[in-house]
1. How much net charge surrounds Phe246 when only other residues with a Cβ under 12 Å from its Cβ are counted (Lys, Arg +1; Asp, Glu -1)?
2. Considering the range 129-204, what Rg and Dmax in Å follow from its alpha-carbon atoms?
3. Sorted from largest down, what three extents in whole angstroms do the Cα atoms of the range 113-154 have along their principal axes?
4. Roughly speaking, what % of Cα-Cα pairs in the range 44-131 are separated by over 21 Å, rounded to a whole number?
5. Considering amide H positions built from the backbone, and no H for Pro or chain starts, which residues 5 or more places from Leu53, or on another chain, come under 5 Å of its amide H?
6. What residues have an amide H closer than 5 Å to that of Asp72, excluding those fewer than 5 places away on the same chain, when H is modeled at 1.01 Å from N in the peptide plane?
7. Could you pull out every residue, at least 5 positions away or on a different chain, whose amide H is within less than 5 Å of the one on Ser137? Hs are placed 1.01 Å off N in the peptide plane, and Pro or chain starts have none.
8. Could you please state, rounded to a whole Å, how far the C-alpha centre of the range 163-223 is from the C-alpha centre of the range 237-269?
Amino acid sequence: MIRKIENYKIFALLKNLYNTMKKISLLLLTVLSIIACSQKETNLKVSGNIKGLKKGTLYLQMIEDTSLVNVDSLTINGDSNFLLQANIDSPQMMYLYLNKVDNSEFDDRLDFFADEGETKINTSLEKFESDAKITGSKNQEKLVEYRKMMSRFNDSNLDIIKENFEAQKAEDEEKLIELDNRYERLLKRKYLYTVNFALNNKNLELAPYLALSEVFDANIKYLDTIYNSLEKDVQKSKYGKQLKRFLKERRKEEKLEEKIEADNEENNS
């Protein structure tokens, strides 16, 4: 009888030990899972300095399903240097947003073309957007080049707007017609420049991005030319795939419009 009691005690002890080890194992697995989740893989680093910034919160943002989402953030408290990280599947436009303590939202967000590796952004608190010096990917370098040319087109456009205002005040119809023609020529030059810029940079993801963001309403033959000229890896990129889908939708819309016009002509005949 005593031996049976001792065996029972040993069995109970082993059972308790087993349950304890099981709980410890589950706890370790939970801890390891938490650590793994907190150490997400990143392939993009965005670092730099914001001169004059003492307090505020920086957000690294990207577009996901047409929504702007935060992928990393950093609270600034005295040190104006920063480092933000993310994991991106493809080179793309990203945004650095500064939420200042004064809650002002003016000139507090700047965009840049991100790629795997490191992007450096140095700017100032006073002129967060206009003072920004961004270095990193080849896409970003070409984006800066493109925007410099676009600023010239925009300056010419502002001149036309100013002259148009004066012509309206003077009720100068001849001048207004001339300005309309100038504007149409300027717009055509701007579109052709963008198309040619994309074709000349067919090896960069910037090319399909410009097609989608700057000349999306151009004649579909120009957009087709851009897409077909893209290198294969660029066609498979985020913006390459988006451009392909966009062209498919444009063709559907144009076929529908042609059908409606044909039906109207048939009904009117």
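Readers should treat all values here as calculations from the given coordinates under stated rules, not as data from a laboratory. Computed from a predicted structure; not experimentally measured. So basically every Cβ, Gly included, is an ideal-geometry build from the backbone, and we count neighbours across all protein chains shown.
1. Here the charged neighbours net out to +3.
2. When restricted to the Cα atoms of the range 129-204, Rg and Dmax are 16.7, 51 Å.
3. Largest first, the range 113-154 extends 33, 27, 9 Å along its Cα principal axes.
4. Above the 21 Å cut-off, the range 44-131 has 24 percent of its Cα pairs.
5. Placed amide hydrogens put Leu125 under 5 Å from Leu53.
6. The answer is Leu60.
7. It is Asp115, by chain and number.
8. Value for the Cα centre distance between the two parts: 22 Å.
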